[in-house]
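The values are calculated or read from the model by the stated rules, or taken from the named source; none is laboratory data. Predicted, not measured: the structure shown is a model, and the values here were computed from it. Neighbour counts run over all protein chains shown; Cβ positions are idealised from the backbone, glycine included.
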Amino acid sequence: MDQIDINPITILTNQLAGIAKGTIAILPQLFVALVVLALTWLLAKLVKAAVGRALDRSSMRQSLRDLVKMLSGLGVWVLGIMSAAIVLFPNLTPASMLAGLGIGSVAIGFAFKDTFENFLAGIIILLRREMRIGDHIDCEELEGRVESIAIRETHIRQTDGQLVIVPNSILFKNPLTIRTDQDQRRTTIICGIAYDEDVAQGRAVIRKAVEACETVIQDTSPVEIFAQEFADSSINFEVTWWTGSKPVDIRTSRDEVVEAVKKALDDAGIEIPFPYRTMTFKEPLSIDRGEAAG
């Protein structure tokens, strides 16, 4: 019986020789596969450029344009890599590659569930077009100005200057208030006059003061003033008007209206009461004047 050579050096040499022979055998296929990948790179750039020029003439948002360009290039790369793999490994069929790709996609989907959720939410937000760059929004106690809408996240600049990066799934799944959806927004204050004052006169004085304010818009909607309630110390009016929709517009208009109403009521001699307290005692009170007389 022949003795088998188990010298490690010989085994390693035989393995390397086999690898070298296999590499040399597939060199033609490897060269063709590299050529396919090079052509794929060139074709992907051409396709992305053509798609970009076509989308530049559309009204699609920039983030959505970038997504379409990326997906078009990605599609070319997928086809190119599959073609190169088939050239390099002739036994590999498109059906087996697609089956493996499907199984891998399921595994990747479970691993990156949140990422894909934000991705899909971003696409829907970009397609809806209700929320635009520059809008002031309010969602889940987060309020600010939209600075950027990306595929996975949205950048919101709060009124105090802080930047908040919000996953798109939060904006998609929760109620979202777009405060600047229209150019005008209604605002309301409560103003009270004393019980001794005439309600009709007080209403007229307040209306005239509000209508004279520059920040109050009256072209489309008039100023509305309603006697609202009998409060503890006053008759309260609900004063409503329209102004700009940005938060700074609301604050500026309220400041002007409050100042104008206060001045108008003072000039008319109409009291804006503070809370009164009437104290009643069961027994008469005696007043000690001794210390005052001394």
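The table for this structure:
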quantity: Subset of segment 164-183 (residues that are closer than 24 Å to residue 244 by Cα and loosely packed, with under 14 Cβ neighbours inside 10 Å); calculated: 175, 177, 182, 183
quantity: Single residue of 225, 272, 193, 189 found to be of a type in the set (A, V, I, L, M), touching a Pro at 6+ places or on another chain (Cβ under 8 Å) and not assigned by TED's automatic domain parsing to the domain that holds residue 160; calculated: 193
quantity: Test result for residue 208, basic (Lys, Arg) and surrounded by 14 or more Cβ atoms within 10 Å (Cβ to Cβ); calculated: yes
quantity: Hits in segment 177-203 (condition: closer than 14 Å to residue 266 by Cα and either among the aliphatic types (A, V, I, L, M) or in contact with a helix residue (DSSP H, G or I) (Cβ under 7 Å, 6 or more places away or on another chain) (or both)); calculated: 191, 193, 194
quantity: Filtered residue count, segment 218-242, keeping only those that are in contact with a strand residue (DSSP E or B) (Cβ under 6 Å, 6 or more places away or on another chain) and buried (at least 18 other Cβ atoms within 10 Å of the Cβ); calculated: 7
quantity: Failed item, numbered, when residue 159 is tested on (1) at pLDDT 90 or above; (2) outside the structural domain of residue 245 (by TED's automatic domain parsing); calculated: (1)
quantity: Complete set of residues in segment 77-120 that are of a type in the set (A, V, I, L, M), at pLDDT below 75, in a helix (DSSP H, G or I) and over 30 Å from residue 172 (Cα atoms); calculated: 88, 95, 97, 98, 99
quantity: Long-range neighbours under 6 Å by Cβ, at least six apart or interchain, first residue assigned by TED's automatic domain parsing to the domain that holds residue 168 and of a type outside the set (Asp, Glu) within segment 119-147, second in a helix (DSSP H, G or I) and buried (at least 18 other Cβ atoms within 10 Å of the Cβ); calculated: 139/171
quantity: Residue within segment 19-28 that is modelled with pLDDT of 65 or more, part of a helix (DSSP H, G or I) and either surrounded by 12 or more Cβ atoms within 10 Å (Cβ to Cβ) or in contact with a helix residue (DSSP H, G or I) (Cβ under 6 Å, 6 or more places away or on another chain) (or both) present; calculated: no
quantity: Condition met for residue 238 (at pLDDT 90 or above, outside any helix (DSSP H, G or I) and more than 13 Å from residue 261 (Cα to Cα)); calculated: no
quantity: Qualifying positions in segment 243-284 - within 20 Å of residue 227 (Cα to Cα), basic (Lys, Arg) and surrounded by 16 or more Cβ atoms within 10 Å (Cβ to Cβ); calculated: 254
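Okay, residues lined up against (1) in a strand (DSSP E or B); (2) modelled with pLDDT under 90:
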position: 130; (1), (2): no, yes
position: 134; (1), (2): no, yes
position: 146; (1), (2): yes, no
position: 186; (1), (2): yes, no
position: 206; (1), (2): no, no
